[in-house]
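Pasting a structure below so you can have a look.
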Amino acid sequence: MNIYILCIIGVFIISAICGFLFIPLILNFCKSRKLYDIPDARKIHHNAIPRLGGISFMPSMLLSFAAALYVINTTDKQVTINLWSIYFLLSMLMIYVMGIVDDILGLSPLIKFIVQIIAACALPLSGLYINNMYGFFGIHEIPYYIGFPLTVLTIVFIDNAINLIDGIDGLAASLSIIALSGFLYMFIVQNVWSYSILIAGLIGVLVAFMYFNLFGSAENNRKIFMGDSGSLTLGYLLGFLCIKYSMNNTAVMSHHKFDFIIAFTLLLVPMFDVVRVFMMRIYHKRSPFSADKTHIHHKFMSAGCTQHKALVAILLLAVFYVAANHFMLMAMSNTVVFIIDVLIYIGVNLALNYIIMRKHSHVGDIKVASERVKS
């Protein structure tokens, strides 16, 4: 078997083991320092739960990645680290540290936004930026002075999309696993092994996190949230991977074996959700950054789903988009496919609105009938 494939499998296993070792230590630390996510009117959970699970992500991923590099470089194969990779790792570390500080001490949205912009700027400064739209809405090559801000905007947008969709157990992690699995496959096909190995490491620790997040007992101090240290780190890495795959650079990938829009398709659900929520808040004359319970997971739960059923429904929607776009792109332009994606998402939300309206109307009728009986 290919040495790189063996390393990908090994990295996944090592990272998952690291996650299962690190997360209980983090849980005990949170308990001793009373570092909990306290429930309030906006949150779904009802128990005080530690929120530092994301601290395990970077160490597990990088330790397993370093082990793989050592194994590969002792053979006749080589995995090189270029300037992009160095800038990416340093900027991701900046996001990771910011997330930890925010989880423990709290930071203002403005400070977090500024740090995100600074970290995102590192990529186009290293030469990695969106330089081609491949005919999307008639746009092809993009000059650097446009690609630079577009790249920064895209990374910050995706970073916050993952952060904001982290509202119910397992959602941000499982959506990220789907996206990372897609990137893993695409980079393996392109023989881009360094990022394939890094992605496998992150998937491994996410599997360990999902175990504690979904099945851990809050009463036994075995349930944990990822916090901003996890969601912001995930979002930044996923944004980077989107830019990495989308950039037209024949030195890295001779040609895109999948349309570039597939990279963004992997993240359509959290991206569409943020756009819809922000538009609705602005429409109702509220700040787009104000907190509420209007995200897609809230809507599924308002329609009668439990947390786990809402999770499954959203994951099915994400998988549907990936499969549908893959086949549609064989016969349609990426612009037409994107428009269809938007219409599908609007249709899903209109259907949820109808179900919620009927459900609340039915509850209202029952209350009226109950009051009549009492009177």
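The values are calculated or read from the model by the stated rules, or taken from the named source; none is laboratory data. Everything quoted here is computed from the prediction, not taken from an experiment. Cβ coordinates were reconstructed from backbone atoms using ideal geometry, including for glycine residues, and neighbour counts include every protein chain displayed. We work out accessible area using only protein heavy atoms, side chains counted, and drop any ligands, DNA or RNA first. Shrake-Rupley method; radii C 1.70, N 1.55, O 1.52, S 1.80 Å.
What's the carbon and sulfur percent of the chain's accessible surface, probe 1.4 angstrom, rounded to a whole number?
Of all accessible area on the chain, carbon and sulfur atoms account for 69 percent.
Quick one: order R286, R276, R33 from most to least accessible surface, probe 1.4 Å.
From most exposed to least exposed: R33, R286, R276.
Just to verify a number: FRET efficiency for I13 and Y145, C-beta to C-beta distance, R0 = 45 Å, to 0.05?
0.50
How long is the gain from K309 to M332 if the chain were fully straight, where each residue apart is worth 0.36 nm and the alpha carbon distance is subtracted?
Stretched fully, the K309-M332 segment lengthens by 5.0 nm.
Give a residue-ordered list of calculated ³J(HN,Hα) values for segment 161-173 (Karplus: 6.51 cos²θ - 1.76 cosθ + 1.60, θ = phi - 60°; whole Hz; x for Gly, Pro).
Coupling constants for segment 161-173: 4, 5, 4, 7, 8, 7, x, 10, 3, x, 5, 4, 5 Hz.
Another question about this same structure. Could you state the accessible area per residue of segment 303-361 in Å², with a 1.4 Å probe and every protein chain left in place?
Per residue, segment 303-361 has 56 Å² of solvent-accessible surface.
Continuing with this model, one more query. Counting only residues 5 or more places away or on other chains, whose amide H sits under 5 Å from the amide H of D37 once H atoms are built in the peptide plane?
Here the answer is I49, R51, since their amide H atoms fall under 5 Å of that of D37.
A further question on this structure: Which cross-chain or sequence-distant (5 or more) residues have an amide H under 5 Å from the amide H of N132, H modelled 1.01 Å from N in plane?
Amide H neighbours of N132, under 5 Å, 5+ apart: I142, N248.
Give the relative contact order (percent, whole number) for the chain; include only Cα pairs under 8 Å separated by 6+ residues. Intermediate results must be reported in sequence, preceding the final value.
Values: 477 pairs, mean separation 85.6, N = 375.
Contact order relative to length: 23 percent.
Apply 1/(1 + (r/R0)^6) to the Cβ-Cβ distance of F29 and L343, taking R0 = 45 Å, and write down the FRET efficiency to the nearest 0.05. All intermediate terms of the calculation are to be shown ahead of the outcome.
Numbers: r = 47 Å, r/R0 = 1.05.
Between F29 and L343 the formula returns 0.45.
Which option, (i) 128; (ii) 162; (iii) 148, is the value of volume of the Cα convex hull per residue in Å³ that was calculated from these coordinates?
Correct label, based on the coordinates given: (ii).
Could you tell me which of rounded, prolate or oblate describes segment 158-308, using a ≥ b ≥ c as the square roots of the eigenvalues of the alpha-carbon gyration tensor, with rounded for a/c under 1.5 and, failing that, prolate when a/b is larger than b/c and oblate otherwise?
Numbers: a/c = 2.46, a/b = 1.35, b/c = 1.82.
Oblate, because a/c is 1.5 or more while a/b does not exceed b/c.
Using per-residue counts of other Cβ atoms within 10 Å, averaged over each peptide, order 240-247, 289-296, 255-262, 121-128 from highest down.
Top of the packing list down: 240-247, 121-128, 255-262, 289-296.
How long is the gain from R358 to M94 if the chain were fully straight, where each residue apart is worth 0.36 nm and the alpha carbon distance is subtracted?
Full extension of this stretch gives 90.4 nm more.
Just to check I understand the Karplus step: with θ = phi - 60° and J = 6.51 cos²θ - 1.76 cosθ + 1.60, what whole-Hz values come out for segment 20-32, glycine and proline as x?
My calculation for segment 20-32 gives 5, 8, 6, 4, x, 5, 5, 4, 5, 4, 4, 5, 5 Hz in order.
Further question on the same structure: Tabulate in residue order the Karplus-calculated ³J(HN,Hα) for segment 55-60, using 6.51 cos²θ - 1.76 cosθ + 1.60 with θ = phi - 60°, rounded to whole Hz; enter x for Gly and Pro.
With the stated coefficients, segment 55-60 comes to 4, 6, 5, 5, x, 5 Hz.
In nm, to one decimal, how far is the N2 label point from the V275 one, both placed 7 Å along Cα→Cβ?
3.3 nm
Give me the net charge for the shell around A303: Cβ to Cβ below 12 angstrom, other residues only, Lys and Arg +1, Asp and Glu -1.
Its environment carries a net charge of +4.
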